[in-house]
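*Asks:* So that we are looking at the same thing, I have put the structure below in structure tokens.
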Amino acid sequence: LVCIPMSTGPFPLLSFQNGTNTLHINAPTKSPTDSLFVMIEAIAATGFIVTLPDYLGFGASSTMFHPYMHKASTVKSVVDMFRAVKELMVHLKNISLSKDTYLMGYSQGGWSTLALKYELENNLSQEFTLKAASCGAGPYDLTHVSNVIFSRPVYDMPYFLAYIMNSWILSSEINLTYTDIFSAPYSGQGYIQELFNGTHDSGYINGKLNKTLNQLFKNNFLDSLATAPRYKTIRDALSNNSIKAWKTTSPLLLVHGMNDTYVTPTVMTKIQQDFVSAGVAPGVIEALPVPGLGHHEAVVPWGVKSLHWILKKAGI
């Protein structure tokens, strides 16, 4: 989905990476009137070319599975859209795109945005000039987040966990089967895959899973995930699909609701500390904890703060 201002430019690019979605009809290209999407789209009126990319598995690629929390494919799909927008601007001729790029995303989108920030700064700086990025409630360090989740007996969003495992099994990111990970009936032939066929929302999927983790997963999986050789590919996938801190130079806003029980707010504190340890200069990163708000409740405050922050960074 692309929104273009009604003048000539050159315009900077603002890309919004959406959060976790399981429904094909809720992808940006299928649901442009979603209230959050509309808020982002309206920024085009201030002088941005705004993009809301569909991830793989949605929109034109809806016949394939969505590689959820798969860093390499996520980054590639969004960068490919950026390049397609550049090509579109050439064909339109009367509208031009500058190299200046701004990023924002929440939850899965916060994770995607930080991964994109790394790629644009370290590998694609000749194509794009990253000016600022805002990340809300992202699970940047998947090992840390999973350790917190698996330390609890109950997790209220089991579909996040099933979504990741389904993605990594189908993409061969891990060399395990559903029966190696899940208890019956969740390990049954096609049970998990059918839940993520693009026609079920999170509420439905959660209702078909179990919030008590020792009922959803096999006991030996929970007991041995951290050490057993048979689960090494999961540990590797958690690490490989995490975003490691680097000496970033462009402004970064990190926002997290402090009552978030789905993506632990300690992951924001950890990544901020990791950036400091990597030598990031003071003032480059702004971390904003939002007291009293959970994962869903913090979306709108993050969005409003992010848009004001990005407009200020852009001098608008």
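*Asks:* Compute the orientation-averaged projected area for the chain from the convex hull of its Cα atoms and round it to one decimal in nm².
*Replies:* 15.8
*Asks:* For the pair Ser61 and Gln126, what calculated FRET efficiency results from E = 1/(1 + (r/R0)^6), where r is the Cβ-Cβ distance and R0 = 35 Å, to the nearest 0.05?
*Replies:* Efficiency computed from Cβ-Cβ geometry: 0.80.
*Asks:* If you don't mind, there's one more thing I want to ask. Compare Gln108, Gln193, Gln126 in a GNM of the chain, Cα atoms joined below 10 Å, and give the one with the largest fluctuation.
*Replies:* Maximum among the listed residues: Gln126.
*Asks:* Rounded to the nearest 0.05, what FRET efficiency do Leu311 and Leu222 give with R0 = 35 Å and r taken as the Cβ-Cβ distance? Could you check?
*Replies:* According to the calculation, E is roughly 0.15.
*Asks:* What is the Cα centroid distance between segment 42-70 and segment 166-206, reported in whole angstrom?
*Replies:* 23
*Asks:* Per residue, how many Å² of accessible area does the chain show with a 1.4 Å probe?
*Replies:* Accessible area per residue, the chain: 42 Å².
*Asks:* Given the options Met157, Met64, Met104, which has the most mean-square fluctuation in a GNM of the chain, springs set between C-alpha atoms less than 10 angstrom apart?
*Replies:* Checking each option, the largest mean-square fluctuation is seen for Met64.
*Asks:* Report the far tail of the P(r) of segment 251-316, meaning the percent of Cα-Cα pairs longer than 19 Å.
*Replies:* 38
*Asks:* Check Ser242: other-chain or 5+ apart residues with amide H under 5 Å from its amide H, H built from backbone geometry?
*Replies:* Residues meeting the criterion, in which the H sits 1.01 Å from N, are Leu142.
*Asks:* Starting from the Cα-Cα distance between Glu297 and Ser96, subtract it from 0.36 nm times their residue separation and give me the gain in nm to one decimal.
*Replies:* Gain on extension, Glu297 to Ser96, equals 68.6 nm.
*Asks:* Then there's this: Output the DSSP H helices from the chain with an along-axis C-alpha extent of no less than 30 Å and a mean Kyte-Doolittle hydropathy no less than -1.0.
*Replies:* 71-92
*Asks:* For segment 55-109, what percent of Cα pairs sit more than 17 Å apart?
*Replies:* For segment 55-109, the fraction of Cα-Cα distances above 17 Å is 49 percent.
*Asks:* Once Rh for segment 184-241 is found with the Kirkwood sum over Cα pairs, what is the Stokes-Einstein diffusion coefficient at 10 °C and 1.306 mPa s, in µm²/s?
*Replies:* Approximately 121 µm²/s, per Stokes-Einstein.
*Asks:* How far apart, in nanometres, would the label points at Glu286 and Val304 be if each is projected 7 angstrom from Cα along the Cα-to-Cβ direction?
*Replies:* 1.6
*Asks:* Set the Förster radius R0 to 25 Å, insert the Cβ-Cβ distance between Ser277 and Val154 as r into 1/(1 + (r/R0)^6), and round the FRET efficiency to 0.05.
*Replies:* Result of the calculation: an efficiency of 0.15.
*Asks:* With the calculation restricted to Cα positions, what are the radius of gyration and Dmax of segment 179-316 in angstrom?
*Replies:* Looking at segment 179-316, its Cα Rg and Dmax stand at 19.5, 56 Å.
*Asks:* To the nearest 20 Debye, how big is the dipole of the chain about its Cα centre, given +1 on the beta carbon of each Lys and Arg and -1 on that of each Asp and Glu?
*Replies:* The calculation lands at about 380 debye.
*Asks:* Take the eigenvalues of the Cα gyration tensor for segment 91-171, scale each by 5, and report the square roots as semi-axes in whole Å, largest first.
*Replies:* 34, 14, 12
*Asks:* Another one. Over the chain, what percent of the accessible surface lies on carbon and sulfur atoms, probe 1.4 Å?
*Replies:* Looking at the chain in its full context, I get 55 percent from C and S.
*Asks:* Taking a quarter of the surface of the convex hull around the Cα atoms of segment 1-152, what do you get in nm²?
*Replies:* If I average the Cα hull's projected area over directions, I get 9.6 nm².
*Asks:* Between Ser167, Ser250, Ser15, which gets the highest mean-square fluctuation from a Gaussian network model of the chain, Cα cutoff 10 Å?
*Replies:* Sorting by GNM fluctuation, first place goes to Ser250.
The values are calculated or read from the model by the stated rules, or taken from the named source; none is laboratory data. It should be emphasised that the depicted structure is a prediction, and the values quoted were computed from it without experimental measurement. Quick reminder, even Gly has a Cβ in these numbers, built from the backbone with ideal geometry, and neighbours come from all protein chains shown. Surface accessibility is based on the protein's heavy atoms, side chains included, excluding ligands, DNA and RNA. Shrake-Rupley method; radii C 1.70, N 1.55, O 1.52, S 1.80 Å.
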